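The values are calculated or read from the model by the stated rules, or taken from the named source; none is laboratory data. Keep in mind the model is a prediction, meaning the values are calculated, not measured. Using ideal geometry, Cβ is built from the backbone for each residue, glycine included, and neighbour counts are taken over all protein chains shown. Protein only, heavy atoms only, side chains kept; ligands, DNA and RNA dropped before computing areas. Shrake-Rupley method; radii C 1.70, N 1.55, O 1.52, S 1.80 Å.
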Amino acid sequence: MILLEAINIKKSFGNRLIIAFDELRIYSGDKIGIVGQNGSGKTTLMNILSKELEPDEGVVRINCEVKYIHQLTEEDINADKRLLSEFNLTQKTENQNYSGGEKTRIKLANAFNQENVLLFADEPTCNLDLKGIDLFKAKLSKEETYIVISHDRSLLCDYCDKILEINDGCLKSFNGNYIFYKEQKELAYKSAQQEYDSYISKKRRLENAIIDRQNTSSSMRKKPKRMGNSEARLNKRSTTEIQKKVNRTVNSLKTRLERLENKEKPEESLRIKINFSLTNPPKNNIIISAENLSFKYGSRCIFSNAKFKLFNGSKTALLGENGVGKSTLLNLIYNSFLEEAEYGIKIVPRAKLGYFHQCLENLKLDSTVLENVLMDSIQPVDVVRMVLARLLINRETINKKVELLSGGEKNKVSLAKLLVSDNNILILDEPTNYLDIMSVEVLEDVLSKYEGTILFVSHDNAFVKKLANKLLIIDQQKIIGYPGGLCEYEASMRVNTENKLKETEITIIQMRVTEIISKLSRSDVDKEALEEEYQRLIWKLRSLK
(Lines give C-alpha, C1' and ligand atoms only; values in the text may rest on other atoms or scores of the structure.)
Protein backbone atom coordinates (compact mmCIF):
# COMPACT_ATOMS: atom_id res chain seq x y z
CA MET A 1 0.00 0.00 0.00
CA ILE A 2 1.31 3.45 -0.93
CA LEU A 3 1.30 5.69 2.14
CA LEU A 4 2.97 8.69 0.51
CA GLU A 5 3.96 9.77 -2.98
CA ALA A 6 5.84 12.86 -4.12
CA ILE A 7 5.85 13.68 -7.83
CA ASN A 8 8.04 16.14 -9.82
CA ILE A 9 9.34 17.94 -6.73
CA LYS A 10 11.56 21.02 -6.94
CA LYS A 11 12.57 23.36 -4.15
CA SER A 12 15.04 26.25 -4.21
CA PHE A 13 16.17 28.83 -1.68
CA GLY A 14 17.19 31.95 -3.56
CA ASN A 15 19.24 30.90 -6.57
CA ARG A 16 20.27 27.58 -5.03
CA LEU A 17 18.40 24.44 -6.06
CA ILE A 18 18.03 22.28 -2.94
CA ILE A 19 15.86 19.36 -4.08
CA ALA A 20 14.81 18.11 -7.51
CA PHE A 21 13.44 14.63 -8.22
CA ASP A 22 10.80 12.98 -10.39
CA GLU A 23 9.10 10.66 -7.94
CA LEU A 24 9.34 9.09 -4.51
CA ARG A 25 6.91 6.58 -3.05
CA ILE A 26 6.77 5.27 0.50
CA TYR A 27 5.02 1.93 0.96
CA SER A 28 3.64 0.34 4.10
CA GLY A 29 6.51 -1.45 5.83
CA ASP A 30 9.28 0.78 4.44
CA LYS A 31 12.01 1.62 6.92
CA ILE A 32 13.97 4.44 5.29
CA GLY A 33 17.10 6.29 6.38
CA ILE A 34 18.09 9.62 4.77
CA VAL A 35 21.79 10.49 4.43
CA GLY A 36 23.70 13.40 2.90
CA GLN A 37 26.20 16.09 3.82
CA ASN A 38 25.31 19.02 6.07
CA GLY A 39 23.30 21.53 4.08
CA SER A 40 22.38 19.01 1.37
CA GLY A 41 18.66 19.33 2.10
CA LYS A 42 17.77 16.37 4.33
CA THR A 43 15.49 18.35 6.66
CA THR A 44 14.07 20.27 3.69
CA LEU A 45 13.11 16.95 2.08
CA MET A 46 11.52 15.74 5.32
CA ASN A 47 9.55 18.98 5.67
CA ILE A 48 8.29 18.69 2.08
CA LEU A 49 7.28 15.03 2.50
CA SER A 50 5.43 15.83 5.75
CA LYS A 51 3.71 18.77 3.97
CA GLU A 52 5.12 21.27 6.47
CA LEU A 53 6.91 22.98 3.57
CA GLU A 54 5.44 23.63 0.13
CA PRO A 55 7.67 22.73 -2.84
CA ASP A 56 8.14 25.26 -5.64
CA GLU A 57 6.94 22.62 -8.07
CA GLY A 58 5.27 19.22 -7.77
CA VAL A 59 2.78 17.59 -5.44
CA VAL A 60 2.89 15.45 -2.29
CA ARG A 61 0.02 13.08 -1.44
CA ILE A 62 -0.22 11.54 2.05
CA ASN A 63 -2.69 8.70 2.51
CA CYS A 64 -2.38 8.15 6.26
CA GLU A 65 -1.83 9.81 9.64
CA VAL A 66 1.75 10.95 10.26
CA LYS A 67 3.81 11.95 13.27
CA TYR A 68 6.94 14.13 12.97
CA ILE A 69 9.74 14.21 15.54
CA HIS A 70 11.48 17.51 14.77
CA GLN A 71 15.13 18.15 15.48
CA LEU A 72 15.14 21.72 16.78
CA THR A 73 11.65 22.33 18.20
CA GLU A 74 10.69 22.06 21.86
CA GLU A 75 7.49 20.44 23.13
CA ASP A 76 5.47 20.33 26.34
CA ILE A 77 4.97 16.94 27.99
CA ASN A 78 1.73 15.28 26.87
CA ALA A 79 2.60 11.57 27.01
CA ASP A 80 0.94 9.14 29.43
CA LYS A 81 2.47 8.04 32.75
CA ARG A 82 3.75 4.73 31.39
CA LEU A 83 5.80 6.42 28.68
CA LEU A 84 7.00 9.15 31.05
CA SER A 85 8.31 6.42 33.33
CA GLU A 86 9.99 4.57 30.46
CA PHE A 87 11.73 7.76 29.29
CA ASN A 88 12.69 8.70 32.88
CA LEU A 89 10.52 11.82 32.87
CA THR A 90 8.17 11.11 35.78
CA GLN A 91 9.94 13.58 38.07
CA LYS A 92 10.18 16.24 35.35
CA THR A 93 6.51 17.08 34.82
CA GLU A 94 6.64 20.12 37.13
CA ASN A 95 10.05 21.26 35.92
CA GLN A 96 10.45 23.78 33.11
CA ASN A 97 14.25 23.63 32.89
CA TYR A 98 15.20 20.63 30.78
CA SER A 99 18.58 19.43 29.60
CA GLY A 100 19.14 18.72 25.90
CA GLY A 101 18.68 14.98 26.49
CA GLU A 102 15.47 15.55 28.45
CA LYS A 103 14.04 17.74 25.68
CA THR A 104 14.67 14.93 23.20
CA ARG A 105 13.08 12.37 25.56
CA ILE A 106 9.96 14.55 25.81
CA LYS A 107 9.58 14.64 22.02
CA LEU A 108 10.06 10.88 21.78
CA ALA A 109 7.59 10.11 24.58
CA ASN A 110 5.02 12.36 22.91
CA ALA A 111 5.58 10.72 19.53
CA PHE A 112 5.18 7.17 20.83
CA ASN A 113 2.12 8.15 22.88
CA GLN A 114 -0.04 7.30 19.87
CA GLU A 115 -0.07 4.65 17.18
CA ASN A 116 1.75 5.96 14.13
CA VAL A 117 1.04 4.76 10.60
CA LEU A 118 3.97 6.79 9.22
CA LEU A 119 6.64 8.26 11.48
CA PHE A 120 9.06 11.04 10.46
CA ALA A 121 12.11 11.54 12.70
CA ASP A 122 14.84 14.16 12.24
CA GLU A 123 17.95 13.31 14.34
CA PRO A 124 15.83 11.64 17.05
CA THR A 125 18.84 10.45 19.12
CA CYS A 126 20.49 13.88 19.38
CA ASN A 127 21.65 14.55 22.99
CA LEU A 128 20.42 11.16 24.23
CA ASP A 129 22.63 9.00 26.43
CA LEU A 130 23.24 5.36 25.48
CA LYS A 131 20.26 4.11 27.51
CA GLY A 132 17.99 6.66 25.87
CA ILE A 133 19.24 5.64 22.41
CA ASP A 134 18.60 1.97 23.18
CA LEU A 135 15.09 2.82 24.39
CA PHE A 136 14.35 4.80 21.23
CA LYS A 137 15.57 1.92 19.06
CA ALA A 138 13.36 -0.52 20.97
CA LYS A 139 10.35 1.73 20.35
CA LEU A 140 11.28 2.27 16.71
CA SER A 141 11.50 -1.49 16.11
CA LYS A 142 7.77 -1.71 16.83
CA GLU A 143 6.90 0.93 14.19
CA GLU A 144 5.84 -0.51 10.85
CA THR A 145 6.79 2.40 8.58
CA TYR A 146 9.16 5.30 9.15
CA ILE A 147 11.61 7.65 7.52
CA VAL A 148 14.49 8.88 9.67
CA ILE A 149 17.42 11.29 9.39
CA SER A 150 20.22 10.17 11.68
CA HIS A 151 23.99 10.22 12.11
CA ASP A 152 23.72 7.07 14.27
CA ARG A 153 25.23 4.43 11.99
CA SER A 154 24.07 1.51 14.14
CA LEU A 155 20.48 2.76 13.80
CA LEU A 156 20.79 3.01 10.01
CA CYS A 157 22.41 -0.44 9.89
CA ASP A 158 20.04 -2.31 12.18
CA TYR A 159 16.70 -0.53 11.69
CA CYS A 160 16.62 0.66 8.06
CA ASP A 161 16.15 -1.45 4.93
CA LYS A 162 16.41 1.41 2.44
CA ILE A 163 18.76 4.39 2.26
CA LEU A 164 17.98 7.66 0.43
CA GLU A 165 21.05 9.73 -0.39
CA ILE A 166 20.77 13.44 -1.17
CA ASN A 167 23.63 14.80 -3.26
CA ASP A 168 23.58 18.05 -5.28
CA GLY A 169 19.78 18.18 -5.01
CA CYS A 170 19.28 14.69 -6.45
CA LEU A 171 17.89 11.62 -4.70
CA LYS A 172 19.40 8.18 -5.10
CA SER A 173 17.84 5.10 -3.52
CA PHE A 174 19.70 2.05 -2.20
CA ASN A 175 17.67 -1.04 -1.31
CA GLY A 176 19.56 -2.12 1.78
CA ASN A 177 20.86 -0.83 5.10
CA TYR A 178 23.73 1.58 5.71
CA ILE A 179 26.37 -1.14 5.39
CA PHE A 180 25.01 -2.07 1.95
CA TYR A 181 24.94 1.62 1.01
CA LYS A 182 28.60 2.06 2.02
CA GLU A 183 29.59 -1.06 0.07
CA GLN A 184 27.83 0.24 -3.05
CA LYS A 185 29.49 3.64 -2.69
CA GLU A 186 32.89 1.96 -2.36
CA LEU A 187 32.23 -0.17 -5.45
CA ALA A 188 31.16 2.97 -7.36
CA TYR A 189 34.36 4.73 -6.27
CA LYS A 190 36.54 1.80 -7.38
CA SER A 191 34.71 1.63 -10.71
CA ALA A 192 35.15 5.39 -11.24
CA GLN A 193 38.86 5.06 -10.36
CA GLN A 194 39.30 2.20 -12.85
CA GLU A 195 37.53 4.20 -15.58
CA TYR A 196 39.72 7.21 -14.83
CA ASP A 197 42.91 5.10 -14.91
CA SER A 198 41.83 3.55 -18.22
CA TYR A 199 41.06 7.02 -19.64
CA ILE A 200 44.47 8.38 -18.57
CA SER A 201 46.22 5.32 -20.04
CA LYS A 202 44.45 5.68 -23.42
CA LYS A 203 45.06 9.43 -23.45
CA ARG A 204 48.79 9.00 -22.84
CA ARG A 205 49.10 6.31 -25.52
CA LEU A 206 47.40 8.56 -28.08
CA GLU A 207 49.48 11.60 -27.05
CA ASN A 208 52.71 9.58 -27.27
CA ALA A 209 51.68 8.13 -30.66
CA ILE A 210 50.99 11.66 -31.99
CA ILE A 211 54.37 12.92 -30.74
CA ASP A 212 56.12 9.88 -32.25
CA ARG A 213 54.46 10.37 -35.67
CA GLN A 214 55.19 14.11 -35.63
CA ASN A 215 58.86 13.44 -34.86
CA THR A 216 58.99 10.92 -37.74
CA SER A 217 57.48 13.50 -40.10
CA SER A 218 59.99 16.16 -39.00
CA SER A 219 62.98 13.88 -39.54
CA MET A 220 61.79 13.02 -43.07
CA ARG A 221 61.90 16.69 -44.17
CA LYS A 222 65.69 16.75 -43.93
CA LYS A 223 67.52 16.10 -47.26
CA PRO A 224 69.99 13.17 -46.98
CA LYS A 225 73.66 14.15 -47.40
CA ARG A 226 75.65 13.28 -50.62
CA MET A 227 72.54 12.90 -52.78
CA GLY A 228 72.34 14.09 -56.40
CA ASN A 229 69.59 16.39 -57.69
CA SER A 230 67.68 13.65 -59.55
CA GLU A 231 67.86 11.38 -56.53
CA ALA A 232 66.81 14.25 -54.29
CA ARG A 233 63.70 14.95 -56.45
CA LEU A 234 62.70 11.26 -56.31
CA ASN A 235 63.34 11.18 -52.57
CA LYS A 236 61.28 14.34 -52.07
CA ARG A 237 58.28 12.89 -53.94
CA SER A 238 58.52 9.65 -51.95
CA THR A 239 58.98 11.56 -48.71
CA THR A 240 56.00 13.80 -49.45
CA GLU A 241 53.74 10.78 -49.96
CA ILE A 242 54.92 9.21 -46.76
CA GLN A 243 54.52 12.53 -44.88
CA LYS A 244 50.93 12.78 -46.12
CA LYS A 245 50.22 9.31 -44.72
CA VAL A 246 51.91 10.23 -41.44
CA ASN A 247 49.91 13.47 -41.24
CA ARG A 248 46.69 11.58 -41.93
CA THR A 249 47.60 9.19 -39.11
CA VAL A 250 48.38 12.13 -36.80
CA ASN A 251 45.05 13.77 -37.62
CA SER A 252 43.26 10.48 -37.04
CA LEU A 253 44.97 10.10 -33.66
CA LYS A 254 44.07 13.69 -32.74
CA THR A 255 40.45 13.02 -33.65
CA ARG A 256 40.45 9.90 -31.44
CA LEU A 257 41.99 11.95 -28.65
CA GLU A 258 39.36 14.68 -28.99
CA ARG A 259 36.56 12.09 -29.01
CA LEU A 260 37.93 10.26 -26.00
CA GLU A 261 35.31 10.58 -23.27
CA ASN A 262 36.70 12.70 -20.47
CA LYS A 263 36.69 11.06 -17.04
CA GLU A 264 36.99 13.07 -13.85
CA LYS A 265 39.40 11.81 -11.21
CA PRO A 266 37.46 10.56 -8.15
CA GLU A 267 38.08 12.67 -5.06
CA GLU A 268 40.58 11.14 -2.66
CA SER A 269 40.81 11.73 1.08
CA LEU A 270 43.37 14.42 1.78
CA ARG A 271 46.28 13.45 3.96
CA ILE A 272 47.07 16.23 6.36
CA LYS A 273 50.06 16.51 8.65
CA ILE A 274 49.69 18.97 11.50
CA ASN A 275 53.02 19.96 13.05
CA PHE A 276 52.09 19.17 16.64
CA SER A 277 55.51 20.21 17.97
CA LEU A 278 54.45 23.84 17.43
CA THR A 279 52.03 23.46 20.37
CA ASN A 280 54.91 22.87 22.82
CA PRO A 281 53.20 19.75 24.25
CA PRO A 282 53.79 18.68 27.87
CA LYS A 283 55.92 15.61 28.56
CA ASN A 284 54.21 14.57 31.81
CA ASN A 285 52.59 11.14 31.90
CA ILE A 286 49.51 12.50 33.70
CA ILE A 287 48.16 15.75 32.25
CA ILE A 288 45.07 16.43 34.38
CA SER A 289 44.06 14.83 37.68
CA ALA A 290 41.91 15.23 40.79
CA GLU A 291 41.93 13.40 44.12
CA ASN A 292 39.03 14.88 46.10
CA LEU A 293 36.69 16.54 43.61
CA SER A 294 33.40 17.65 45.15
CA PHE A 295 30.82 19.89 43.50
CA LYS A 296 27.18 20.83 44.04
CA TYR A 297 24.48 22.73 42.20
CA GLY A 298 22.62 24.23 45.14
CA SER A 299 21.64 21.25 47.30
CA ARG A 300 22.21 18.73 44.50
CA CYS A 301 25.52 16.88 44.78
CA ILE A 302 27.19 16.13 41.43
CA PHE A 303 30.61 14.86 42.61
CA SER A 304 31.60 13.67 46.08
CA ASN A 305 35.31 13.07 46.70
CA ALA A 306 35.70 11.88 43.12
CA LYS A 307 39.08 11.25 41.54
CA PHE A 308 40.41 10.74 38.03
CA LYS A 309 43.55 10.88 35.88
CA LEU A 310 43.90 11.94 32.25
CA PHE A 311 46.97 10.43 30.60
CA ASN A 312 49.20 12.17 28.06
CA GLY A 313 48.32 11.25 24.48
CA SER A 314 45.17 9.38 25.47
CA LYS A 315 41.83 9.66 23.73
CA THR A 316 39.43 9.33 26.63
CA ALA A 317 35.65 9.10 26.40
CA LEU A 318 33.63 10.43 29.33
CA LEU A 319 30.55 8.22 29.78
CA GLY A 320 27.42 8.38 31.93
CA GLU A 321 23.67 8.83 31.78
CA ASN A 322 21.99 12.16 31.02
CA GLY A 323 22.27 14.49 34.00
CA VAL A 324 25.12 12.76 35.90
CA GLY A 325 27.57 15.63 35.28
CA LYS A 326 29.58 14.94 32.12
CA SER A 327 29.38 18.50 30.78
CA THR A 328 29.79 19.78 34.33
CA LEU A 329 33.13 17.97 34.66
CA LEU A 330 34.35 19.38 31.34
CA ASN A 331 33.39 22.88 32.50
CA LEU A 332 35.16 22.38 35.86
CA ILE A 333 38.35 21.26 34.10
CA TYR A 334 38.28 24.19 31.66
CA ASN A 335 37.52 26.74 34.37
CA SER A 336 40.41 25.34 36.41
CA PHE A 337 42.66 25.86 33.37
CA LEU A 338 41.44 29.47 33.11
CA GLU A 339 42.04 29.81 36.85
CA GLU A 340 38.51 31.12 37.31
CA ALA A 341 37.86 28.76 40.22
CA GLU A 342 39.62 26.20 42.41
CA TYR A 343 38.15 22.70 42.45
CA GLY A 344 41.21 20.64 43.37
CA ILE A 345 41.83 19.78 39.72
CA LYS A 346 45.53 19.72 38.85
CA ILE A 347 46.69 20.63 35.32
CA VAL A 348 50.35 20.49 34.28
CA PRO A 349 51.93 23.90 33.40
CA ARG A 350 52.50 23.35 29.66
CA ALA A 351 48.95 22.13 29.06
CA LYS A 352 46.89 24.32 26.72
CA LEU A 353 43.22 23.42 26.61
CA GLY A 354 40.94 23.96 23.63
CA TYR A 355 37.25 23.55 24.52
CA PHE A 356 34.52 22.64 22.03
CA HIS A 357 30.96 22.96 23.27
CA GLN A 358 27.58 23.54 21.71
CA CYS A 359 27.56 27.32 22.31
CA LEU A 360 30.41 27.65 19.77
CA GLU A 361 31.75 30.69 21.62
CA ASN A 362 35.09 30.54 19.80
CA LEU A 363 33.47 31.65 16.52
CA LYS A 364 33.01 35.23 15.25
CA LEU A 365 29.77 35.18 13.29
CA ASP A 366 30.50 38.27 11.20
CA SER A 367 33.87 36.89 9.94
CA THR A 368 34.40 34.35 7.19
CA VAL A 369 35.21 30.71 7.81
CA LEU A 370 38.84 31.14 6.75
CA GLU A 371 39.26 34.32 8.83
CA ASN A 372 37.90 32.50 11.89
CA VAL A 373 40.22 29.52 11.57
CA LEU A 374 43.31 31.62 10.76
CA MET A 375 42.65 33.89 13.74
CA ASP A 376 44.28 31.58 16.32
CA SER A 377 46.20 29.30 13.96
CA ILE A 378 49.87 28.46 14.44
CA GLN A 379 49.88 26.24 11.35
CA PRO A 380 50.73 27.35 7.77
CA VAL A 381 47.84 28.57 5.60
CA ASP A 382 48.06 25.52 3.31
CA VAL A 383 47.62 23.21 6.30
CA VAL A 384 44.62 25.26 7.46
CA ARG A 385 43.02 24.95 4.02
CA MET A 386 43.70 21.20 3.97
CA VAL A 387 42.12 20.74 7.42
CA LEU A 388 39.01 22.61 6.27
CA ALA A 389 38.84 20.57 3.06
CA ARG A 390 39.34 17.33 5.01
CA LEU A 391 36.36 18.31 7.20
CA LEU A 392 34.28 18.67 3.99
CA ILE A 393 34.25 22.47 4.01
CA ASN A 394 34.55 23.35 0.32
CA ARG A 395 36.21 26.33 -1.38
CA GLU A 396 32.93 28.17 -1.74
CA THR A 397 32.08 27.82 1.95
CA ILE A 398 35.43 29.03 3.35
CA ASN A 399 34.70 32.56 2.12
CA LYS A 400 31.20 32.65 3.64
CA LYS A 401 30.48 34.46 6.87
CA VAL A 402 29.97 32.01 9.73
CA GLU A 403 26.51 33.42 10.52
CA LEU A 404 25.28 32.03 7.18
CA LEU A 405 26.33 28.44 7.92
CA SER A 406 24.22 25.52 9.13
CA GLY A 407 24.68 24.15 12.64
CA GLY A 408 26.76 21.24 11.37
CA GLU A 409 28.99 23.52 9.31
CA LYS A 410 29.59 25.78 12.33
CA ASN A 411 30.58 22.70 14.34
CA LYS A 412 33.19 21.78 11.75
CA VAL A 413 34.62 25.32 11.64
CA SER A 414 34.89 25.37 15.43
CA LEU A 415 36.68 22.00 15.41
CA ALA A 416 39.04 23.09 12.62
CA LYS A 417 39.87 26.22 14.63
CA LEU A 418 40.91 24.06 17.61
CA LEU A 419 42.95 21.60 15.52
CA VAL A 420 45.25 24.28 14.06
CA SER A 421 45.58 26.36 17.24
CA ASP A 422 48.34 26.14 19.86
CA ASN A 423 46.16 23.87 22.03
CA ASN A 424 47.67 20.51 22.92
CA ILE A 425 44.65 19.14 24.79
CA LEU A 426 41.17 19.05 23.28
CA ILE A 427 38.04 18.93 25.42
CA LEU A 428 35.08 18.08 23.20
CA ASP A 429 31.45 18.11 24.34
CA GLU A 430 29.29 16.25 21.80
CA PRO A 431 31.43 17.14 18.74
CA THR A 432 29.30 14.97 16.42
CA ASN A 433 25.98 16.69 17.15
CA TYR A 434 24.37 18.05 13.98
CA LEU A 435 27.08 16.50 11.79
CA ASP A 436 26.15 14.29 8.85
CA ILE A 437 27.52 10.73 8.85
CA MET A 438 30.22 11.47 6.29
CA SER A 439 31.49 14.34 8.44
CA VAL A 440 31.41 12.15 11.57
CA GLU A 441 33.52 9.51 9.80
CA VAL A 442 35.97 12.17 8.63
CA LEU A 443 36.16 13.62 12.15
CA GLU A 444 36.88 10.14 13.51
CA ASP A 445 39.79 9.81 11.12
CA VAL A 446 41.19 13.31 11.81
CA LEU A 447 40.97 12.96 15.61
CA SER A 448 42.39 9.41 15.59
CA LYS A 449 45.54 10.88 13.98
CA TYR A 450 45.68 13.85 16.39
CA GLU A 451 48.91 13.66 18.41
CA GLY A 452 47.63 15.46 21.49
CA THR A 453 45.37 14.45 24.37
CA ILE A 454 41.59 14.30 23.91
CA LEU A 455 38.82 14.13 26.52
CA PHE A 456 35.39 13.94 24.92
CA VAL A 457 31.71 13.32 25.54
CA SER A 458 29.69 11.62 22.82
CA HIS A 459 26.57 9.52 22.70
CA ASP A 460 27.51 8.19 19.26
CA ASN A 461 28.40 4.60 20.12
CA ALA A 462 30.32 3.95 16.89
CA PHE A 463 32.29 7.20 17.32
CA VAL A 464 33.32 6.26 20.87
CA LYS A 465 34.34 2.76 19.80
CA LYS A 466 36.42 4.12 16.92
CA LEU A 467 38.21 6.91 18.84
CA ALA A 468 38.47 6.13 22.56
CA ASN A 469 41.35 4.08 23.98
CA LYS A 470 40.47 4.93 27.60
CA LEU A 471 37.23 5.63 29.49
CA LEU A 472 36.08 7.72 32.44
CA ILE A 473 32.67 6.63 33.72
CA ILE A 474 30.58 8.86 36.01
CA ASP A 475 28.38 6.84 38.37
CA GLN A 476 26.88 7.72 41.75
CA GLN A 477 28.93 10.94 42.11
CA LYS A 478 32.20 9.08 41.46
CA ILE A 479 34.47 8.89 38.40
CA ILE A 480 35.70 5.42 37.47
CA GLY A 481 38.66 4.99 35.11
CA TYR A 482 38.87 2.09 32.66
CA PRO A 483 42.18 1.37 30.83
CA GLY A 484 40.67 0.38 27.49
CA GLY A 485 38.09 1.26 24.86
CA LEU A 486 34.33 0.78 24.83
CA CYS A 487 34.42 -2.65 23.14
CA GLU A 488 36.74 -4.01 25.86
CA TYR A 489 34.61 -2.41 28.58
CA GLU A 490 31.37 -3.91 27.22
CA ALA A 491 33.04 -7.33 26.97
CA SER A 492 34.24 -7.09 30.58
CA MET A 493 30.76 -6.04 31.72
CA ARG A 494 29.26 -9.05 29.93
CA VAL A 495 31.77 -11.31 31.68
CA ASN A 496 30.94 -9.70 35.04
CA THR A 497 27.23 -10.18 34.41
CA GLU A 498 27.78 -13.80 33.41
CA ASN A 499 29.92 -14.36 36.51
CA LYS A 500 27.24 -12.86 38.76
CA LEU A 501 24.59 -15.08 37.15
CA LYS A 502 26.90 -18.09 37.59
CA GLU A 503 27.48 -17.22 41.24
CA THR A 504 23.74 -16.91 41.79
CA GLU A 505 23.13 -20.26 40.10
CA ILE A 506 25.88 -21.92 42.20
CA THR A 507 24.35 -20.53 45.41
CA ILE A 508 20.89 -21.84 44.46
CA ILE A 509 22.31 -25.29 43.63
CA GLN A 510 24.31 -25.43 46.87
CA MET A 511 21.18 -24.57 48.86
CA ARG A 512 19.30 -27.37 47.09
CA VAL A 513 22.15 -29.84 47.72
CA THR A 514 22.07 -28.97 51.44
CA GLU A 515 18.32 -29.48 51.46
CA ILE A 516 18.66 -32.91 49.75
CA ILE A 517 21.31 -34.05 52.26
CA SER A 518 19.03 -33.15 55.16
CA LYS A 519 16.10 -35.04 53.57
CA LEU A 520 18.14 -38.20 52.91
CA SER A 521 18.21 -38.92 56.67
CA ARG A 522 14.41 -39.14 56.73
CA SER A 523 12.43 -42.36 56.09
CA ASP A 524 9.36 -40.77 54.44
CA VAL A 525 11.12 -39.66 51.21
CA ASP A 526 12.05 -41.25 47.87
CA LYS A 527 15.76 -41.69 48.56
CA GLU A 528 16.48 -43.06 45.11
CA ALA A 529 15.05 -39.96 43.40
CA LEU A 530 16.84 -37.66 45.83
CA GLU A 531 20.15 -39.48 45.29
CA GLU A 532 19.73 -39.14 41.50
CA GLU A 533 19.00 -35.40 41.83
CA TYR A 534 21.97 -35.03 44.21
CA GLN A 535 24.40 -36.59 41.71
CA ARG A 536 23.02 -34.44 38.89
CA LEU A 537 23.46 -31.24 40.93
CA ILE A 538 27.02 -32.20 41.97
CA TRP A 539 27.96 -32.64 38.31
CA LYS A 540 26.33 -29.27 37.55
CA LEU A 541 28.35 -27.58 40.30
CA ARG A 542 31.59 -29.04 38.96
CA SER A 543 30.84 -27.73 35.45
CA LEU A 544 30.08 -24.24 36.78
CA LYS A 545 33.26 -24.07 38.83
Log entry: pair-distance distribution for the range 1-100, C-alpha pairs binned every 10 Å from zero, whole % per bin is 12, 35, 27, 20, 7
Which shape class, rounded, prolate or oblate, goes with the range 373-437 when its Cα gyration tensor gives a ≥ b ≥ c as root eigenvalues, a/c under 1.5 marks rounded, and past that a/b bigger than b/c marks prolate? oblate
Using 1/(1 + (r/R0)^6) with R0 = 22 angstrom and r between the beta carbons of residue 403 and residue 72, what's the FRET efficiency to the nearest 0.05? 0.85
Taking the alpha-carbon centroid of each part, what is the distance from the range 296-324 to the range 121-188 in angstrom? 31 Å
Sparse-neighbourhood loop hits (GluC sites (Glu not before Pro), the range 67-133; DSSP loop; Cβ within 10 Å at most 13 others) -> 74, 94, 115
If one puts a single equal scatterer on every Cα of the range 295-404 and applies the Debye formula without solvent, what log₁₀ I(q)/I(0) results at q = 0.14, 0.19, 0.21 Å⁻¹? -0.80, -1.10, -1.20
Top positive-direction residue, dipole computed over the chain with Cβ charges, set 358, 320, 90: 358
The answer for chymotrypsin sites (Phe, Trp or Tyr not before Pro) in the range 334-418 that fall in a DSSP coil and have at most 12 neighbouring Cβ atoms within 10 Å is none
Taking K and R as +1 and D and E as -1, what net charge do the other residues with C-beta under 13 Å from the C-beta of residue 100 add up to? -2
Taking the chain on its own, what percent of its Cα-Cα pair distances exceed 29 Å? 67 percent
How many percent of DSSP beta bridges within the chain run antiparallel, rounded to 5? 55 percent
Taking r as the C-beta separation of residue 208 and residue 364 and R0 as 60 Å, the FRET efficiency to the nearest 0.05 is 0.65
If you stretched the chain out fully between residue 16 and residue 191, how much longer would it get, using 0.36 nm times the residue separation minus the C-alpha to C-alpha distance? 60.0 nm
Extend 7 Å from the Cα of residue 62 along its Cα-to-C-beta direction; within the range 1-18, residues with backbone N under 19 Å of that point are 1-11
So for the range 356-514, using the alpha carbon gyration tensor with a ≥ b ≥ c as root eigenvalues (a/c under 1.5 gives rounded; past that, a/b versus b/c decides prolate or oblate), I'd call it prolate
Where Lys and Arg each count +1 and Asp and Glu each count -1, what net charge lies around residue 290 among other residues with Cβ under 13 Å from its Cβ? +2
How much net charge surrounds residue 444 when only the other residues with a Cβ under 11 Å from the Cβ of residue 444 are counted, with Lys and Arg +1 and Asp and Glu -1? +2
With a ≥ b ≥ c the root eigenvalues of the C-alpha gyration tensor of the range 300-341, is it rounded (a/c under 1.5), prolate (a/b larger than b/c) or oblate? oblate
The range 397-466 and the range 32-86 have their Cα centres apart by a whole-number Å value of 26 Å
With a length cut of 30 Å (Cα positions projected on each helix's long axis) and a Kyte-Doolittle mean of at least -1.0, go through the chain and give me the DSSP H helices that pass. 486-520
Mean 1/r over distinct Cα pairs of the range 429-545, inverted to a Kirkwood Rh in Å, yields 18.8 Å
Only Lys, Arg, Asp and Glu count, each charged at its Cβ (+1, +1, -1, -1), so figure out the dipole size of the chain about its Cα centre, rounded to 20 debye. 4060 debye
Relative contact order, percent, the range 1-124 [alpha-carbon distance under 8 Å, six or more residues apart]: 28 percent
Before I look further, what does the chain give for accessible area per residue, probe 1.4 Å, in whole square angstrom? 55 Å²
